[in-house]
């Protein structure tokens, strides 16, 4: 992989991470269009995800700071309850990450990856459509049960092409939560799993000794971080105010194109 290709993929990740359109699916489509073939797909994708997670921390730092300050209170408060809900939501993806990592990496290298991505994009479209037509109850607090269910949705979205943010946001809305609360919770619940996976890769030396090369990895990381910082602030607003049905239409179109491309 060249540095230019890594930068392009980083830009794609940064632009698509904050919309319910599957950044992982778009990464695989971009790789196919660029003719990029790498052995450690999961490592590279995780590196780019870590960059956008870092951009999320930068943009949402006031909220994260409030949660950290509330964590050290001697009395149980809303911030501590929120953190517990985030931890609960992270458990399913942690289980999937540890038990299915090799399987997911093999799937990313499958000759049928574009078909898989296309099918999952179509599923994303269905979820977003359900969320759009769901009767709003506008619960002002995400419950522990809802946090756990959103966590399961995030774990299922480990499938390439199934939008993580789309799945969690749609699930939260279908459960009756306010879109603005769901959007913020969705972006915060991915912080620890992605950063934890990246730290584990660094400790194991998989980043330094990757066949991809450290320079392309860093180039992709920086591109994803910079674009993610620029996009996150605007994308959060779009997700909160936008009509999810338009994202559903987009995912359906790209999903069909992806499946067709796999057979051309």
Please state which one of 33, 48, 67 is within 26 Å of residue 246 (Cβ to Cβ), modelled with pLDDT of 85 or more, more than 18 Å from the chain's Cα centre (by Cα) and assigned to a helix (DSSP H, G or I).
-> 33
Among (1) outside any loop (DSSP other than H, G, I, E, B); (2) in contact (Cβ under 8 Å) with a residue 24 or more places away in the chain, residue 21 falls short only on (1)
Taking residue 9, is it under 17 Å from residue 257 (Cα atoms) and crowded, with 23+ Cβ neighbours inside 10 Å?
-> no
Quick one: would you say residue 222 is more than 17 Å from the chain's Cα centre (by Cα) and part of a helix (DSSP H, G or I)?
-> yes
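Farther than 16 Å from residue 219 by Cβ, at pLDDT 85 or above and either surrounded by fewer than 18 Cβ atoms within 10 Å (Cβ to Cβ) or in contact with a helix residue (DSSP H, G or I) (Cβ under 7 Å, 6 or more places away or on another chain) (or both): does that describe residue 54? Steps first, answer last, please.
Details: farther than 16 Å from residue 219 by Cβ: no; at pLDDT 85 or above: yes; either surrounded by fewer than 18 Cβ atoms within 10 Å (Cβ to Cβ) or in contact with a helix residue (DSSP H, G or I) (Cβ under 7 Å, 6 or more places away or on another chain) (or both): yes.
When the stated conditions are applied, residue 54 does not pass them.
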How many of the residues in segment 74-95 are over 19 Å from residue 188 (Cβ atoms) and either outside any loop (DSSP other than H, G, I, E, B) or at pLDDT below 90 (or both)?
-> 3
From 145, 135, residue being surrounded by fewer than 21 Cβ atoms within 10 Å (Cβ to Cβ), assigned to a loop (DSSP other than H, G, I, E, B) and either out of contact with any helix residue (DSSP H, G or I) (no Cβ under 8 Å at 6 or more places or on another chain) or modelled with pLDDT under 90 (or both) = 135
Restrict the check to segment 238-253 and report whether at least one residue is more than 30 Å from residue 2 (Cβ to Cβ), touching a helix residue (DSSP H, G or I) at 6+ places or on another chain (Cβ under 7 Å), at pLDDT below 70 and assigned to a helix (DSSP H, G or I).
-> yes
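The values are calculated or read from the model by the stated rules, or taken from the named source; none is laboratory data. Bear in mind that the values here come from a model prediction, so they are computed numbers and not experimental data. Please note: Cβ atoms are built from the backbone with ideal geometry, for glycine as well, and neighbour counts cover all protein chains shown.
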